[in-house]
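A short worksheet on the structure shown next.
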Amino acid sequence: MNCIKVKTCFLRHHFDLKFVLFACLILLAQAYTSTTANAHSSDDATTSMISKEHRMALGFGNDYGKKHNKKDDEYADSDKHGKKHSKKDDKHADRDKHDKEHSKKNAKHGGRDKHGKKHGKKNAKHTDRGKHGKKHSKKHGAHGRKHHVGHEGSDPDNNAQRALILYDAPEGVPMRKLGKSYAIMLRNLLGHFAMDIEMKRIGEYAEGDVESYDALFYLGSYYSNPSPSGFLADISTTEKTVVWFKYNLWDLAWDPSYGFSEKFGINLLGTRGFNSQPTPANPEPGFFDTIIYKGLPFKKYYSYDEATQAIAADPDIGVVEISDLTKAEVLVEVVNGGTSERAPYIARSANFWYVADMPFSFIGPRDRYLVFSDILHDILNIQHTKNNRAMVRLEDVSAKVSPVAMEQLSDYLAAKQIPFSIAVIPLYKDPLGVYNGGVAEEIRLADAENLVESLRYAQPRGGDILMHGLTHQYSDVPNPWSGVTADDFEFWDIINNRPVSEDSVSWVANRIQTGLDEFSSVGITPYAWETPHYQGSPNTYAALGSVTRYERSVYYTSDDPQLNLDTNNPERDFSVGQFFPYIIASDHYGQRVLPENLGNIIYDIGQDANFVLWNDLYENARYALVVRDGFASFYFHPFWLEPEFNVPGLEDFDKLIRGITELGYQWVGGRELLNE
């Protein structure tokens, strides 16, 4: 079959999976995180595998290749294949559902409103796709992991605020590692600020711990998980900042000995979930699903499959009311889409903050995740000035790139004085000859005349280059689509949902060094890294050391993630995706992350393909403005300008660029953000 038919076939066949993959990671809001379970077996010699010059050029620090010890981080979040997490996740036990008030007894012992809901992985993945027109892949999600791989705390800075994140991880229950995924996502957002961060299970809390920190965050994700008495006593008396999320507040609020209502002027009424159980006859019963912030409605994700009755949603909220307006206030409200009732979404009383749900579940570009990302400045009292910036990246640029398309885009952006990044794959491979008549093909960067010519043309016009893997494919097998550069995963076995067989810090380091050598052969120094399809193994991120990444990312609940265990096995790990609305100075992996948060334009060129229009990304940018220092960052595939696709690629690219500009964003290049 000819080239265009092959392209269309791949688009029709693989787009949905790729899109779901990443979308799910983000939606799950179960932050992408990699936990540390076993120490990485990297040799000290790994450090020398990437030359000092290249390490410095890419931002690699002296910690490159160092061992990361793996404590028992369990981040947990989405089964990275787009699987949905049954609400079991958040809490087992069957709870007194619907709108009922929870008596103290119920609250502590009752199970939870378990409607069988699953935590679906939806947004995380806006897909990206290989330059051959293949289906969009897992690129969006983003994900976070601790400061240095395998470390529970971030590197200390004597001048920084200190934060403690406590999460639920009850022993011996299914999905016990889910709570840590939320902790990692929160930890990643805190990495936007100058903070030292520690994470631990709430059961490890010792009385008086809070006084060693400037802020304490408790993620109540597991219904009725016991709260240590020392923790409750401390929260009732401390003057340090305390932020409590979702469940288990009744342990504090309904025990008269703590005087919660009297001190804080807040009453806890109970929890609310769906207005009624979803059924084929009533598929959308409604719940508190719309958060109102800065004049915009942020709607929580919900889907219901009538055939299987599977639910993907996180409908539960803790319902509070202000009992003393001189002590407490409602900062943000949430509205019930079925009844129009309103309830506090974020309430504050002096140093105590309450967030009614888990803003890290089912996250998306127009989700309440952005609300919390902005409010975090106020919680920490770190008032970044309003400064909304935009970035654009040309994606999956390899030896097969169209010089004409690259010239058109470079000229367009130069005329508007917009700096841009180019994600370059330095070594092209088609080991099975999928696009070369059955004959294997490999093109090194020095021999890729069209690519080098395109880069030379773009650079003086504002283009700057980052490294997008070495080959953006794996070995000589489909992974999962064609085995061709820009189509497949390079650092993750997506078919079996596990690291590739060769995976190790040294193996990844060798590939990175090979890529840097390819760039060096044509006199190019990439300024940052983007993981192919936004997913690598824990060893991938360990090998990157202190490099700057420009991406969304995937995180795991272990450095040796066991993602394929039975769902009822408490030791089952999770992978999660996370995008960022602003620069993360140091994420869970200990690396700087430049944000990509809008997604990419995708055209419906196959019978079953999904698509994303330029105005969808524009709307994402409009919502991103609520974050005071939020970005509007997207990527675009140059192949959309190729005549064979017959789509308005340049026209829509122009509409999006103009739209983002008219919203008031200031365009910046990635390199200028490296040391900000």
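If a residue must be over 24 Å from PRO581 (Cβ atoms) and of a type in the set (A, V, I, L, M, F, W, C), how many such residues does the range 629-653 contain?
Step one: of the range 629-653, the residues over 24 Å from PRO581 (Cβ atoms) are 638-651.
Cutting the leftovers down to of a type in the set (A, V, I, L, M, F, W, C) gives us 639-641, 645, 647, 650.
So the answer is 6.
Any residue in the range 631-646 that's of a type in the set (Asp, Glu): show its pairings with residues that are open to solvent by 20 Å² or more (accessible area, probe 1.4 Å) and not in a helix (DSSP H, G or I) at Cβ separation under 8 Å, as long as the two are six or more apart or on different chains.
If the second residue must be open to solvent by 20 Å² or more (accessible area, probe 1.4 Å) and not in a helix (DSSP H, G or I), the pairs left are GLU642/SER402.
Here is a list: ASP289, ASP314, ASP251. Which entry is more than 29 Å from the chain's Cα centre (by Cα), open to solvent by less than 60 Å² (accessible area, probe 1.4 Å) and over 21 Å from ASP378 (Cβ atoms)? Don't jump to the end; show me each part of the working.
On the way: ASP289 fails: more than 29 Å from the chain's Cα centre (by Cα); ASP314 fails: more than 29 Å from the chain's Cα centre (by Cα).
Going through ASP289, ASP314, ASP251 in turn, the sole match is ASP251.
A quick yes/no check of all residues on (1) open to solvent by 10 Å² or more (accessible area, probe 1.4 Å); (2) free of Cβ contacts under 8 Å to residues at least 12 places away in the same chain; (3) of a type outside the set (Lys, Arg):
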{"position": "HIS384", "(1), (2), (3)": "yes, no, yes"}
{"position": "ASN388", "(1), (2), (3)": "yes, no, yes"}
{"position": "MET391", "(1), (2), (3)": "no, no, yes"}
{"position": "GLU395", "(1), (2), (3)": "no, no, yes"}
{"position": "VAL404", "(1), (2), (3)": "yes, no, yes"}
{"position": "ASP411", "(1), (2), (3)": "yes, no, yes"}
{"position": "GLY437", "(1), (2), (3)": "yes, yes, yes"}
{"position": "VAL452", "(1), (2), (3)": "yes, no, yes"}
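Looking only at the range 328-374, count how many residues are at negative phi and either in contact with a His (Cβ under 8 Å, 6 or more places away or on another chain) or open to solvent by less than 10 Å² (accessible area, probe 1.4 Å) (or both). Break it down into steps so the answer makes sense when it comes.
From the range 328-374, those at negative phi are 328-339, 341-349, 351-361, 363-374; that's our starting set.
Then keep just the ones that are either in contact with a His (Cβ under 8 Å, 6 or more places away or on another chain) or open to solvent by less than 10 Å² (accessible area, probe 1.4 Å) (or both); that gives 328, 332, 334, 336, 343, 345-347, 349, 352-361, 363-364, 367-374.
Total meeting the criteria: 29.
For the range 208-319, which helices (runs of 4 or more DSSP H) that fit wholly inside it have 2 or more residues that are small (Gly, Ala, Ser)?
Qualifying helices (runs of 4 or more DSSP H): 229-237.
I need the full set of residues from the range 532-548 which are open to solvent by less than 10 Å² (accessible area, probe 1.4 Å) and in a helix (DSSP H, G or I), in order please.
PRO532, HIS533, TYR534, PRO538, THR540, TYR541, ALA542, ALA543, LEU544
Return the total of residues in the range 459-511 being polar (S, T, N, Q), open to solvent by 10 Å² or more (accessible area, probe 1.4 Å), over 20 Å from PRO561 (Cβ atoms) and in a loop (DSSP other than H, G, I, E, B). Please lay out each step first, then the result.
The initial filter retains those residues of the range 459-511 that are polar (S, T, N, Q), namely 459, 471, 473, 475, 479, 482, 485, 496-497, 501, 504, 506, 510.
Filter once more, so that each one left must be open to solvent by 10 Å² or more (accessible area, probe 1.4 Å): 459, 475, 496, 501, 504, 506, 510.
Narrowing further to those that are over 20 Å from PRO561 (Cβ atoms): 459, 475, 510.
Subset that is in a loop (DSSP other than H, G, I, E, B): 475.
The total comes to 1.
Out of PRO228, PRO283, I need the residue that is surrounded by fewer than 22 Cβ atoms within 10 Å (Cβ to Cβ) and out of contact with any strand residue (DSSP E or B) (no Cβ under 8 Å at 6 or more places or on another chain). Which one? Give the derivation first.
Details: PRO283 fails: out of contact with any strand residue (DSSP E or B) (no Cβ under 8 Å at 6 or more places or on another chain).
Unique residue meeting the criteria: PRO228.
Report whether or not ILE363 is touching a helix residue (DSSP H, G or I) at 6+ places or on another chain (Cβ under 7 Å) and free of Cβ contacts under 8 Å to residues at least 40 places away in the same chain. Show your work before the answer.
Numbers: touching a helix residue (DSSP H, G or I) at 6+ places or on another chain (Cβ under 7 Å): yes; free of Cβ contacts under 8 Å to residues at least 40 places away in the same chain: no.
So ILE363 fails the test.
Please work out if ARG348 is within 26 Å of SER236 (Cβ to Cβ), free of Cβ contacts under 8 Å to residues at least 40 places away in the same chain and of a type in the set (Lys, Arg). Let's see the steps before the verdict.
On the way: within 26 Å of SER236 (Cβ to Cβ): yes; free of Cβ contacts under 8 Å to residues at least 40 places away in the same chain: yes; of a type in the set (Lys, Arg): yes.
The answer is yes for ARG348.
Here's a check for you: in the range 155-203, which residue that is touching a strand residue (DSSP E or B) at 6+ places or on another chain (Cβ under 8 Å), at pLDDT 95 or above and open to solvent by 50 Å² or more (accessible area, probe 1.4 Å) is nearest to MET358 (Cα to Cα)?
Out of the qualifying residues, it is GLU198.
Of the residues THR514, THR525, THR557, THR567, which is open to solvent by less than 10 Å² (accessible area, probe 1.4 Å), in contact (Cβ under 8 Å) with a residue 12 or more places away in the chain and not acidic (Asp, Glu)? If you could, list the steps in order and put the result at the bottom.
On the way: THR514 fails: open to solvent by less than 10 Å² (accessible area, probe 1.4 Å); THR525 fails: open to solvent by less than 10 Å² (accessible area, probe 1.4 Å); THR567 fails: open to solvent by less than 10 Å² (accessible area, probe 1.4 Å).
It is THR557.
Being among the hydrophobic types (A, V, I, L, M, F, W, C) and not in a loop (DSSP other than H, G, I, E, B) is the filter; apply it to the range 413-426 and report the residue that is most open to solvent (accessible area, probe 1.4 Å).
Taking the range 413-426 first, the residues among the hydrophobic types (A, V, I, L, M, F, W, C) are 413-415, 418, 420, 422-425.
Checking which are not in a loop (DSSP other than H, G, I, E, B) leaves us with 413-415, 420, 422-424.
Working: LEU413: 0, ALA414: 36, ALA415: 84, PHE420: 3, ILE422: 0, ALA423: 0, VAL424: 0 Å².
In this case the residue turns out to be ALA415.
A quick yes/no check of all residues on (1) assigned to a helix (DSSP H, G or I); (2) open to solvent by 10 Å² or more (accessible area, probe 1.4 Å); (3) in contact with a strand residue (DSSP E or B) (Cβ under 8 Å, 6 or more places away or on another chain); (4) free of Cβ contacts under 8 Å to residues at least 24 places away in the same chain:
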{"residue": "GLY577", "(1), (2), (3), (4)": "no, no, yes, no"}
{"residue": "PRO581", "(1), (2), (3), (4)": "no, no, yes, no"}
{"residue": "TYR589", "(1), (2), (3), (4)": "no, no, yes, no"}
{"residue": "GLU619", "(1), (2), (3), (4)": "yes, yes, no, no"}
{"residue": "VAL627", "(1), (2), (3), (4)": "no, no, no, no"}
{"residue": "GLU651", "(1), (2), (3), (4)": "yes, yes, no, yes"}
{"residue": "LEU656", "(1), (2), (3), (4)": "yes, no, yes, no"}
{"residue": "THR661", "(1), (2), (3), (4)": "yes, yes, yes, no"}
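The values are calculated or read from the model by the stated rules, or taken from the named source; none is laboratory data. All of these numbers come straight from a predicted model, not from anything done at the bench. Ideal geometry is used to build each Cβ from the backbone, glycine not excepted, and the neighbour counts take in all protein chains shown. Just so you know, the surface numbers come from the protein's heavy atoms only, side chains and all, with ligands and any DNA or RNA stripped out. Shrake-Rupley method; radii C 1.70, N 1.55, O 1.52, S 1.80 Å.
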